[in-house]
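The values are calculated or read from the model by the stated rules, or taken from the named source; none is laboratory data. Model, not experiment: these values are computed from the prediction. All Cβ positions, glycine included, derive from the backbone under ideal geometry; neighbour counts span all protein chains shown. Note: areas computed on protein heavy atoms with side chains; ligands, DNA, RNA excluded. Shrake-Rupley method; radii C 1.70, N 1.55, O 1.52, S 1.80 Å.
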Amino acid sequence: MFIFAATKIENIFLLHYIFMNLKEFLRKVIRVVLPLGLGCILLWHLYQDQDLSEMLKVIKTGVRYDILFGSLVFGLGANAIRGYRWGLLIDALGKKVKRVNTVLAVFGNYAINMALPRVGEIWRCGIIARYEKVPFSKLLGTLVIDRVMDTLVVGMLTLCVAVFNISFFRRYLTDHPEFLSGFHHLFTSVWLYVTVATVAICLWLMFARLGHLSFVMKTRQQLQNVWEGVRSIWKMKHKPGFIVQTVLIWVGYFLYFYVTFYAFDFTRDLGPRIGLIAFTMSSIAVAVPIQGGIGVWHFAVISTLTGFGVSGGDASAFALVVYTVQSVLCLVLVGIASIFALSVINRKNS
């Protein structure tokens with residue numbers, strides 16, 4: 001009887017262990033495989049009808065790879081400035097951090113995002129918290145400022161591009177009505193407003209009625225730390241430098257993309273105006289939570305170039321080559337090297 005009961009308990013623990021591992025596995029599948037799968041499906045849809053022989057011809061003989069690899073200087077420089085700018089925000093918290101750490105953390109951030117969408121941002125806060133002894137939640141606050149500035153810049157670029165190129169966007173939305181349809185369904189769905197109201201009520205109940213509970217007090221403290229990080233922009237001593245660096249980051253990103261136009265015969269004469277439109281569309285696409293914006297970035301660039309007279313095969317070859325060199329090779333390799341360098345430089349603090 002005792003042996004039977006013990007066996008039954010062991011089976012219960014085994015089932016619980018299997019369930020927890022299955023739950024963790026499914027969480028990883030949803031976080032990693034699902035967005036990557038969606039990106040790959042979109043990529044397959046974009047390239048399934050293309051003439052591969054023509055694309056290979058462009059890739060082999062129609063690309064100035066010296067110009068393409070030269071464009072990497074602007075992207076790497078922009079990311080280095082981003083790391084330095086992040087250091088200004090952290091300094092405002094009262095903790096002077098090594099700029100080499102913040103710069104390398106930003107490079108590593110992009111490599112991790114290629115595997116796990118949006119996890120790179122959390123990782124770079126965690127690694128700086130570990131090596132520089134800054135509270136993680138305060139670093140999250142500085143990250144909010146970092147991303148808000150990006151959103152403002154992309155928003156201003158989109159507004160300017162839309163105002164001065166209204167005919168292109170009318171034609172674009174006519175050719176891709178699914179965008180307007182998607183927004184219409186989202187904002188007319190009653191479930192959106194039910195969800196927002198439910199979350200608001202739950203938050204109010206948690207903080208107004210359950211404030212005495214330990215986990216609520218810890219949550220409130222963490223949120224206060226995040227807000228402290230957000231406020232760092234007001235405490236910053238070098239606000240003009242922050243603005244200048246923000247401009248330099250986005251000028252660098254634009255040149256990172258636009259210089260590649262001169263690596264292909266069919267984009268060389270398009271000019272900076274069309275380059276800015278394609279760059280803006282690609283920047284919006286990268287915001288989609290898919291590894292490196294794969295598929296979505298290609299779609300944005302291909303549809304923009306074809307809208308200005310570039311053939312579908314040439315536009316597809318452009319997107320494939322530029323993305324592979326700049327994102328897959330450059331960002332991943334530099335990011336992995338930066339993660340390794342961080343552990344070497346800070347081995348005493350590990």
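Given the options V301, V344, V325, V332, name the one that is of a type in the set (A, V, I, L, M, F, W, C), touching a Ser or Thr at 6+ places or on another chain (Cβ under 8 Å), part of a helix (DSSP H, G or I) and modelled with pLDDT of 85 or more.
Working: V344 fails: touching a Ser or Thr at 6+ places or on another chain (Cβ under 8 Å); V325 fails: touching a Ser or Thr at 6+ places or on another chain (Cβ under 8 Å); V332 fails: touching a Ser or Thr at 6+ places or on another chain (Cβ under 8 Å).
So the residue among V301, V344, V325, V332 that is of a type in the set (A, V, I, L, M, F, W, C), touching a Ser or Thr at 6+ places or on another chain (Cβ under 8 Å), part of a helix (DSSP H, G or I) and modelled with pLDDT of 85 or more is V301.
If D265 passes every condition in (1) touching a Gly at 6+ places or on another chain (Cβ under 8 Å); (2) open to solvent by 50 Å² or more (accessible area, probe 1.4 Å); (3) at pLDDT below 90 but one, which one does it miss?
All conditions pass for D265, except number (3).
Residues checked against (1) in a helix (DSSP H, G or I); (2) open to solvent by less than 50 Å² (accessible area, probe 1.4 Å); (3) under 20 Å from W250 (Cα atoms):
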site: K96; (1), (2), (3): no, no, no
site: V100; (1), (2), (3): yes, no, no
site: A105; (1), (2), (3): yes, yes, yes
site: R124; (1), (2), (3): yes, yes, no
site: T142; (1), (2), (3): yes, yes, yes
site: R147; (1), (2), (3): yes, no, yes
site: V153; (1), (2), (3): yes, yes, yes
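Those residues that are aromatic (F, W, Y) and either open to solvent by 20 Å² or more (accessible area, probe 1.4 Å) or modelled with pLDDT under 90 (or both), I need them from region 245-257; list them, please.
W250, Y253, F254, Y256
Find the residue count for region 55-75, including only residues that are crowded, with 17+ Cβ neighbours inside 10 Å and part of a helix (DSSP H, G or I).
6
Would you check if G120 is of a type in the set (G, A, S) and under 11 Å from the mean Cα position of the chain (by Cα)?
yes
Quick one: count up the residues across region 85-101 that are of a type in the set (F, W, Y) and over 20 Å from the mean Cα position of the chain (by Cα). Lay out the reasoning, then the answer.
Within region 85-101, the subset of a type in the set (F, W, Y) is 86.
Now drop any that are not over 20 Å from the mean Cα position of the chain (by Cα), which leaves none.
Total satisfying the criteria: 0.
Looking at region 280-293 only, could you name the residues that are open to solvent by 10 Å² or more (accessible area, probe 1.4 Å) and in a helix (DSSP H, G or I)?
As a first pass, look at region 280-293 and keep what is open to solvent by 10 Å² or more (accessible area, probe 1.4 Å): 281, 283-284, 286-290, 292.
Once the filter is applied, which keeps residues that are open to solvent by 10 Å² or more (accessible area, probe 1.4 Å) and in a helix (DSSP H, G or I), region 280-293 yields M281, S283, I284, V286, G292.
Just for region 328-350: of the residues that are of a type in the set (G, A, S) and crowded, with 20+ Cβ neighbours inside 10 Å, which one is farthest from L116 (Cα to Cα)?
Looking at the filtered set, the residue picked out is S338.
Suppose the filter is in a helix (DSSP H, G or I), without any contact (Cβ under 8 Å) to a residue 40 or more places away in the chain and either under 19 Å from L331 (Cα atoms) or not small (G, A, S) (or both); does R85 pass it? Steps first, please.
Values: in a helix (DSSP H, G or I): yes; without any contact (Cβ under 8 Å) to a residue 40 or more places away in the chain: no; either under 19 Å from L331 (Cα atoms) or not small (G, A, S) (or both): yes.
Judged against the criteria, R85 is not a match.
Just the residues that are assigned to a helix (DSSP H, G or I), over 16 Å from A80 (Cβ atoms) and either open to solvent by 20 Å² or more (accessible area, probe 1.4 Å) or among the charged types (D, E, K, R) (or both), please, taken from region 107-122.
I112, V119, E121, I122
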